[in-house]
Amino acid sequence: MSVPYETAAYEPPDSPESPEEHLARLLGRALNSFELPDETIRRLDCALAYDGSLHSAHHSAGLHRETYRHTWLLADGSAVTLWELVHNTAPGSEPQHEIYVDEEELRTATARLPLPPDTPDFELPVTVQLSPAPALRQMYVPDGSADHARRLLRRAENPDRPGPETAALLATACAHRITQAFGRPSRAGRPALCFSLYEHAFLLGDGVELSLWEVEHTLTPDGRHMCEVYTSEDAARDAMERRAAQVS
């Protein structure tokens, strides 16, 4: 018996494929991918990182069976694992691929294969090392995040608003969250000045977090509402201070 590392069409650890591409290839080769729950597929839409490993293998009399563990790290810090069964049902036949959402389903599928029961499996300890990903501060919402970023930048009126480079990065946003910011007391914190400060945090396709800081106020010549956007909280608060100084 030998473990067929060389016969399985799996990506090397340094594969440049994205988590989405790994998933697409797995679903494309699995005969039963249509049986996966829709909820599982939806959760995998914003995967940040992927790792796959051989879990076990069994070779006997021209028949073979391997199982693989595929794990994706999600934007909320949780992980989704799919189990792949690769086997042939007759000596020399083409391998078939099946996919399951848990180990119990995998064991049931493996038990029906025509392999001698007295031949021991080659079992590997499962050690999954996910690709590095940033620690997420809060839950992100995958809800038209790239469009939200475009609208935010479009309504910004300050001359030093974020430029095309930032806009290009935000075009890959897959999730976001909005929080009202509070902080150091200042003249800009007086209620009469009508300032509001919001952090728009975006989760990009490569797992990087990028925040824009929105200042809303009515300190305009005609008293109308105005939006300014900055790439850092300090820059946003400095702008609030400058506006406040103009009416002091």
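Just so you know, all these numbers are worked out from the coordinates, no wet-lab data involved. Just so you know, these numbers come straight off a predicted model, no measurement behind them. Cβ atoms come from the backbone with ideal geometry, glycine included; neighbour counts cover every protein chain shown.
Comparing His200, His148, Val215 along the charge dipole axis of region 145-246, the residue lying farthest to the positive side is Val215, per the Cβ-charge model. Charge dipole of region 145-246 (Cα centre as origin; +1 on each Lys and Arg Cβ, -1 on each Asp and Glu Cβ, all else neutral): 360 debye, rounded to the nearest 20.
Report note on the peptides 57-69, 232-244: ranked by the mean count of other C-beta atoms within 10 Å, highest first, their order is 57-69, 232-244. In terms of the mean number of neighbouring beta-carbon atoms within 10 Å, the peptides 45-56, 24-35 order highest first as 45-56, 24-35.
With an a/c value of 1.5 or above and a/b larger than b/c for the gyration tensor axes a ≥ b ≥ c computed over the alpha-carbon atoms, region 54-100 is described as prolate.
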